[in-house]
Structure formats: C-alpha cells, structure tokens
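Trainee: Take a look at this one; I'll ask things after.
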Amino acid sequence: MSQQRENFANYTLPVALYLSAVPRWSHRDPVAGGNPFPPTDARHGTWDAATTDARRALLRFDADLEATAQVTLDPAIYRAQLLDLAVGRFDVWARRGRSVVSSDGALQNYEQWLTDYVANWLGYVAKTCPRVEVGDELRTRLRGRAAHWVAETRHILEL
C-alpha cells in the first residue's frame, strides 16, 4: 500500500478493503481475504455479484488480448500491450469497487482506494517490468481512469 492510514474513524467502507489495493497481472483479486463485508451487510451480496462480473470481464479481456496480442521483440508494441493490460486490470477491479459506493463518505474512501491502487500499480510495474519504460504514460492513464471512476460514481450518486 502506498500510504498507511492510521485513523479509520471516518472510513465508511471496511478497513480490509482499504488495506487491500494489490495490483496483479493475474486474475487474483486485489482485495485480500475475500468479501470484506460481513454477510449481514447488504453490500455483501453486491460485492459478490460484482466480483463475479469482474471475473467474467477478466476472461473476456484476456480472450480479446489473446486474439490481438503480438508475440514480439519490438519494445514499442510490447510496451503498448503492457500498458493496455495494466489499465484493463485496473478498470475491472475499479468497477467492482464502485459497486458498493452509496454515500459521499464511501465515495471519498473509494477515491482514496483508487489513489492508492494507482500508486501500487506504478510500483508493481516498475518492479515486475524494470526494463520497460511506462512510468509517465501509465501514471497518466491510471490517474485518468481513477478520475473517470470517481466522476462516474459521483454522477450515479448525483453528488
């Protein structure tokens, strides 16, 4: 996590959600430990349904990627494919997170989660792909996608 939050008094989403913003190239969930909502919380079912949708989206994304990706030594093509993969994975899980945002407080928490998820993706790509220079473009694209998800959520909530 890019920043540790020590005070969760005003956090309206489960702390487990906030503490899990782990980027992955695979289909593994960035939120560790499964559904962060207790079964008695109405958002538990919403989270489960959104997780199912996310996993289906990942399968579609990978099928499209398999059909269009090129096995190449061309660094520009490889870089473009890597960027698309990172942004695609980011979007899938960001959409899932949006599904449980139903208040201004939760939107603020979601926005912070997205900020941390962007920072974590940047560090993850730098660590796992050190010879591919993607920093500025990846940062710009992920921040743009985070802003998109916040704006879309704000619009849905009409805040």
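Trainee: I need the phi-derived Karplus couplings for the stretch 58-66: 6.51 cos²θ - 1.76 cosθ + 1.60, θ = phi - 60°, integer Hz, Gly and Pro marked x.
Mentor: Couplings: 5, 5, 5, 4, 5, 5, 5, 4, 4 Hz.
Trainee: Can you tell me, using C-alpha contacts under 8 Å and at least 6 residues apart, the relative contact order of the stretch 39-157 as a whole percent? Before the final figure, lay out the partial values.
Mentor: Numbers: 69 pairs, mean separation 37.3, N = 119.
Relative CO of the stretch 39-157 lands at 31 percent.
Trainee: Then there's this: Show me 144-150, 109-115 ranked by packing, highest mean number of other Cβ atoms within 10 Å first.
Mentor: Values: 144-150: 16.9, 109-115: 21.0.
Descending mean neighbour count gives 109-115, 144-150.
Trainee: Using Stokes-Einstein with the Kirkwood hydrodynamic radius over Cα pairs, what translational diffusion coefficient do you get for the stretch 43-159 at 10 °C and a viscosity of 1.306 mPa s, in µm²/s rounded to a whole number?
Mentor: Diffusion coefficient, whole number: 104 µm²/s.
Trainee: Rounding to the nearest 20 debye, state how big the charge dipole of the stretch 26-155 is about its Cα centre with +1 on each Lys and Arg Cβ and -1 on each Asp and Glu Cβ.
Mentor: On the way: 17 positive and 17 negative charges, 18 e Å.
Dipole of the stretch 26-155, to the nearest 20 debye: 80 debye.
Throughout, read-outs are computed from the coordinates displayed, never taken from laboratory work. Everything quoted here is computed from the prediction, not taken from an experiment. Note: ideal-geometry Cβ built from the backbone for every residue, glycine included; neighbour counts use all protein chains shown.
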